[in-house]
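Right, one structure below, let's go through it.
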Amino acid sequence: MKILLKNATILDPSSPFHSSQQDILIKDSHIADIKQHINDTDNTKVIEHENLHVSKGWFDSGVSFGEPGYDERETLDNGLSVAASSGFTKILLNPDIIPIPDSNATISHLIKMGQKKTTSLYPIGALTEKGEGKQLASLYDMHIAGAKAFGNFNETIINPNELKIALDYLQTFGGIVQSYPIDKKLCENGQIHEGEISVKLGLKGIPSISESVPLARDIQILEYTEGKIHIPYVSTEKSVDLIRQAKKK
């Protein structure tokens, strides 16, 4: 099977072809040739579109589908098909499903369900049993099964000692903690970012410190343990500054 992409703009800063228009010949799922003009059209599927762009496969570090538990929201099969059509070759699956993936068996089951797809699926394991924030889950067993990170989806790690222990323990096999920095007491009943717009609209604001305060705590614990942490999302300038400073350290 041969596929010829005509006049494709290549987006890859590490490639000598970056930002240039080239023909790309693919044979048996491998790139066989890249140059400005390729005329190998015998038994070849030719793809030519205006404004065609080609890049390396994309990676999404936090995807929510639904299956198992919320199949009406989206199945794994459909979610992975959409991901592939959108250019994503690898995704991390959030642990917001039922049962909560907190064991070797649940992680193994998810990986098995995602096999033989264009997009590779890597589950995020729950940091604590059932995601309840009380007892650390079997992190090493999930790592052996294929989990790539550990966190309680959309839940802040309330107990700082739990985060410290997890960051220490995960270093034994290079594991990563996902931490969601949001103080629910500081942002209680908040609707939009606190500021001039929230006042004008009469909506209860969410102060930026509700994100930056727990984030600053997590970064200090990270610095103490020298582990690995991933912040799935931030929404304030202060949070970005904290992360930038931590990266420099």
Subject >> Residues of segment 93-123 classified as in contact with a Gly (Cβ under 6 Å, 6 or more places away or on another chain) and of a type outside the set (V, I, T), total >> reply: 3
**OP:** Collect the residues in segment 76-92 that are touching a strand residue (DSSP E or B) at 6+ places or on another chain (Cβ under 8 Å), surrounded by fewer than 17 Cβ atoms within 10 Å (Cβ to Cβ) and not polar (S, T, N, Q), keeping them in residue-number order.
**Re:** G87, K90
Subject >> Residue in segment 203-211 that is open to solvent by less than 50 Å² (accessible area, probe 1.4 Å), in contact (Cβ under 8 Å) with a residue 12 or more places away in the chain and part of a helix (DSSP H, G or I) present >> reply: yes
Subject >> E129 being of a type in the set (D, E) and more than 26 Å from L222 (Cα to Cα) >> reply: no
**OP:** Please name all residue pairs, on different chains or six or more residues apart, with Cβ atoms under 6 Å, provided the first residue is in segment 162-174 and is farther than 11 Å from L139 by Cα and the second residue is open to solvent by 10 Å² or more (accessible area, probe 1.4 Å) and of a type in the set (K, R).
**Re:** none
**OP:** Could you check K90 against (1) closer than 16 Å to K117 by Cβ; (2) touching a residue at least 60 places away in the same chain (Cβ under 8 Å) and say which number it fails?
**Re:** (2)
**OP:** Considering only segment 212-249, state which residues are more than 15 Å from V177 (Cα to Cα), open to solvent by less than 60 Å² (accessible area, probe 1.4 Å) and in a loop (DSSP other than H, G, I, E, B).
**Re:** V234, T236
**OP:** Considering (1) open to solvent by 40 Å² or more (accessible area, probe 1.4 Å); (2) in contact with a His (Cβ under 6 Å, 6 or more places away or on another chain), say which one I158 fails and leave the rest.
**Re:** (2)
Original post:
Given the conditions (1) of a type in the set (F, W, Y); (2) in contact with a strand residue (DSSP E or B) (Cβ under 8 Å, 6 or more places away or on another chain); (3) open to solvent by less than 80 Å² (accessible area, probe 1.4 Å); (4) closer than 20 Å to R217 by Cβ, which single one is not true for Y122?
Top reply: (4)
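Per-residue answers, yes or no, for (1) in contact (Cβ under 8 Å) with a residue 12 or more places away in the chain; (2) touching a Phe, Trp or Tyr at 6+ places or on another chain (Cβ under 7 Å); (3) under 26 Å from E237 (Cα atoms); (4) surrounded by 13 or more Cβ atoms within 10 Å (Cβ to Cβ):
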{"site": "E129", "(1), (2), (3), (4)": "yes, no, no, yes"}
{"site": "Y140", "(1), (2), (3), (4)": "yes, yes, no, yes"}
{"site": "Q178", "(1), (2), (3), (4)": "yes, yes, yes, yes"}
{"site": "E188", "(1), (2), (3), (4)": "no, no, yes, no"}
{"site": "V199", "(1), (2), (3), (4)": "no, no, yes, no"}
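The values are calculated or read from the model by the stated rules, or taken from the named source; none is laboratory data. Just so you know, these numbers come straight off a predicted model, no measurement behind them. All Cβ positions, even for glycine, are placed from backbone atoms using ideal geometry, and neighbour counts span all protein chains on display. These area figures cover heavy atoms from the full protein model, side chains too; ligands, DNA and RNA do not enter into them. Shrake-Rupley method; radii C 1.70, N 1.55, O 1.52, S 1.80 Å.
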